[in-house]
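**Q** The structure is given below, and queries will be raised subsequently.
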Amino acid sequence: ASAESGWLPQYVTAWEDRALVGAMPLYLKSHSYGEYIFDWAWADAYQRNGLAYYPKLLSAIPFSPVSAPKVLAIDDEVRRQIPKAALRVAREASSLHVLFPTVDELALFEGERMLTRRGMQFHWFNDGYMSFDDFLSRFSHDKRKKIKQERRKVRDAGISFKWLVGADITTAHWAFFNRCYRSTYRAHHSTPYLNLDFFHEIGAKLPNNLLLVLAEEGGKPIAAAFNVFNQATLYGRYWGTTGFHSGLHFEACYYQAIEFCIARGIQIFEGGAQGEHKLARGFTPVETRSAHWLKHPQFAAAIERFLDKEAKGVAHYIDELNEHSPFKAVEEPSSGV
């Protein structure tokens, strides 16, 4: 993180008798890349009105749309004071944005009159499944049949998979995955954020929290998917392939990861925000939240009105998605297909 990268650390810390008693990760941002809560339209509106949106102040885990603690404190009083301190720091910028806080933290920021923004992600939940077939047995006939057909196409193409964790991931594997990762960004006409050194470093520091799903054809790697996990949750992050194969994306990114979660007893698989195709593969739409404060009073009022309308749209969208759940009704008998 640095001014050159557009992520300049501005952490808020609390001290008592030279002992660190609280902290909040903050970055002074000169752009909105790597955040997953999109505010480009806000920045554009500022610019069109001759105002500077950047630098802004951001609390988030870079490049990770993960709900996790942002306010770290030894007691409730310190915890209450840290958001106040962050807002004081934010007065030197245009705004403060806290992405994917915990539910308790959101209440803290709302108590400081920050605006709440609602979004959506797709999560898979482990309902005590004993196997992937047990998971599929809960699907309606047509949805179950489609997934089996997708998996059969990949298997009939002679593609096999390996789960690589910890020391199983070699430098050669990282080099191949980096190649896949960069090709995915090129295919979407975008610029990759991460590099091979990053993957080597995270592989060395968090080896037992990384899952690399490696697809092979004839003993040669053709695709890979990168995931981060702990005992409770698996986070799907990046994937790439050297060529197109029907169903390969779903198998490498979703079905293999779900099987891994079932085998390890992992309860939640966070599959990310985009892609309605995830719904048909057993993922559930889940509401996410973020907190925002804008120094400019007129823009703050306008964005508050926008967020109210957006929240209603998100709620309606989630309701619509839930109506198309792939899971069968309780009374529907299993056909075994």
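The values are calculated or read from the model by the stated rules, or taken from the named source; none is laboratory data. No experiment lies behind these values; they were computed from the predicted model shown. Note that each Cβ is placed from the backbone with ideal geometry, even for glycine, and that neighbours are counted across all protein chains shown. Accessible surface areas use protein heavy atoms only, side chains included; no ligands, DNA or RNA. Shrake-Rupley method; radii C 1.70, N 1.55, O 1.52, S 1.80 Å.
**Q** Using the Cα centre of the chain as origin and beta-carbon charges of +1 (Lys, Arg) and -1 (Asp, Glu), tell me which of 273, 159, 325 is placed farthest towards the positive end of the dipole.
**A** Sorting the options by dipole projection puts first 159.
**Q** Right, another one. Output ³J(HN,Hα) for region 229-240: one whole-Hz value per residue in order, computed from phi by the Karplus curve 6.51 cos²θ - 1.76 cosθ + 1.60 with θ = phi - 60°, and x for Gly and Pro.
**A** 8, 10, 5, 9, 9, 10, 10, x, 10, 9, 8, x
**Q** Which angle between 0 and 90 degrees, to the nearest 10, do you get for helix 171-187 versus the longest principal axis of the chain when only C-alpha atoms count?
**A** 70
**Q** Applying 1/(1 + (r/R0)^6) with R0 = 45 Å to the Cβ-Cβ distance of residue 220 and residue 17, what FRET efficiency is obtained, to the nearest 0.05? Before the final figure, lay out each step's value.
**A** Values: r = 60 Å, r/R0 = 1.34.
After rounding, the FRET efficiency stands at 0.15.
**Q** Could you sort the peptides 89-98, 43-52 by per-residue average Cβ neighbour count (10 Å cutoff), highest mean leading?
**A** On the way: 89-98: 20.5, 43-52: 12.7.
Taking the mean over residues of other Cβ atoms within 10 Å, the ranking is 89-98, 43-52.
**Q** So what does the Cα-only Debye profile of region 171-287 read at q = 0.10 Å⁻¹, as log10 I(q)/I(0), no solvent term?
**A** The Cα Debye sum returns log10 ratios of -0.30.
**Q** As I understand it, the dipole of region 217-297 uses +1 on the Cβ of Lys and Arg and -1 on the Cβ of Asp and Glu, about the Cα centre. Which of 250, 296, 228 lies farthest toward its positive end?
**A** Looking along the dipole axis, the top candidate is 296.
**Q** Rounded to the nearest 5, what % of DSSP beta bridges with both residues in the chain are antiparallel?
**A** Around 90 percent of the beta bridges assigned by DSSP in the chain are antiparallel ones.
**Q** Where in region 226-270 does the amide nitrogen come within less than 17 Å of the point 7 Å from the Cα of residue 137, taken along Cα to Cβ?
**A** Inside the label zone: 259, 262-263.
**Q** Further question on the same structure: Read phi for every residue in region 282-295 and hand back ³J(HN,Hα) as whole Hz from Karplus 6.51 cos²θ - 1.76 cosθ + 1.60, θ = phi - 60°, with x for Gly and Pro.
**A** Whole-Hz 3J(HN,Hα) from phi for region 282-295: x, 8, 10, x, 10, 6, 10, 9, 9, 10, 9, 10, 10, 5.
**Q** Residues of region 74-104 with amide nitrogen under 15 Å from the 7 Å Cα-to-Cβ point of residue 61?
**A** 99-103
**Q** Follow-up. In debye to the nearest 20, how big a dipole does region 83-222 give about its Cα centre with +1 on each Lys and Arg Cβ and -1 on each Asp and Glu Cβ? Numbers along the way, then the final one.
**A** Numbers: 22 positive and 16 negative charges, 116 e Å.
Here the size comes out at about 560 debye.
**Q** Roughly how many debye, to the nearest 20, is the charge dipole of region 68-148 about its Cα centre, given +1 on each Lys and Arg Cβ, -1 on each Asp and Glu Cβ, and no other charges?
**A** On the way: 15 positive and 12 negative charges, 108 e Å.
I would put it at about 520 debye.
**Q** Find which of 107, 119, 69 sits farthest along the positive direction of the dipole of region 33-146, computed with +1 on the beta-carbon of Lys and Arg, -1 on that of Asp and Glu, about the Cα centre.
**A** So the residue furthest toward the plus end is 119.
**Q** Over all alpha-carbon pairs in region 241-337, figure out the percentage whose distance exceeds 19 Å.
**A** The answer is 63 percent, as a whole percent.
**Q** Please label the shape of region 198-266 as rounded, prolate or oblate, based on the square roots a ≥ b ≥ c of the eigenvalues of the alpha-carbon gyration tensor (a/c under 1.5 means rounded; beyond that, a/b larger than b/c means prolate, else oblate). Don't jump to the answer; show the numbers that get you there.
**A** On the way: a/c = 2.21, a/b = 1.33, b/c = 1.66.
In terms of gyration-tensor shape, oblate.
**Q** Count the lysine pairs in region 39-187 whose Cα atoms lie under 22 Å apart, taking only pairs 8 or more positions apart in sequence or on different chains.
**A** Here the count comes out as 7.
**Q** Another question, if that's okay. When the helix-only estimate is applied to the chain (DSSP H runs of n ≥ 4, each -39,500 (n - 2.57), divided by the residue count), what is the mean residue ellipticity at 222 nm, nearest 500 deg cm²/dmol? Walk me through the numbers on the way to the answer.
**A** On the way: 9 runs with 116 residues, N = 337.
So the helix-based figure for the chain works out to -11000 deg cm²/dmol.
**Q** For the pair residue 125/residue 318, report the inter-label distance in nm, with labels modelled 7 Å from Cα in the Cβ direction.
**A** A separation of 1.2 nm, rounded to one decimal place.
**Q** Residue by residue through region 203-219, what is 3J(HN,Hα) from phi via Karplus (6.51 cos²θ - 1.76 cosθ + 1.60, θ = phi - 60°)? Round to whole Hz and write x for glycine and proline.
**A** Per residue, the Karplus-derived 3J(HN,Hα) values read x, 7, 8, 10, x, 8, 10, 10, 10, 10, 8, 10, 9, 10, 10, x, x Hz.
**Q** If you don't mind, another one. For the chain, what is the charge dipole size about the Cα centre, in debye to the nearest 20, if Lys and Arg each add +1 at the Cβ and Asp and Glu each add -1 at the Cβ? Each step should come with its number before you reach the end.
**A** On the way: 39 positive and 38 negative charges, 144 e Å.
Dipole size: approximately 700 debye.
**Q** As I understand it, the value is the acute angle between the Cα axis of helix 141-156 and the longest principal axis of the Cα atoms of the chain; what does it come to in degrees, rounded to 10?
**A** 70
**Q** Keeping every protein chain in place, order 324, 123, 189 by accessible area at 1.4 Å, biggest value first, i.e. largest first.
**A** On the way: 324 120, 123 20, 189 175 Å².
Descending order: 189, 324, 123.
**Q** I've got another one for you. Give me the extension gain from residue 179 to residue 102: residue separation times 0.36 nm, minus the current Cα-Cα distance, reported in nm with one decimal. Write down the numbers at each step before the final one.
**A** Details: separation 77, 0.36 × 77 = 27.72 nm, distance 3.46 nm.
Result for the pair: 24.3 nm of gain on full extension.
**Q** Return, ordered by residue number, the residues of region 207-225 whose backbone nitrogen is under 11 Å from a label point located 7 Å along Cα→Cβ of residue 172.
**A** Correct set: 220-221.
**Q** When the chain is fully extended, how far beyond the present Cα-Cα distance does residue 155 get from residue 287, taking 0.36 nm per residue of separation? Let's see the in-between values first.
**A** On the way: separation 132, 0.36 × 132 = 47.52 nm, distance 3.48 nm.
Result: 44.0 nm gained on full extension.
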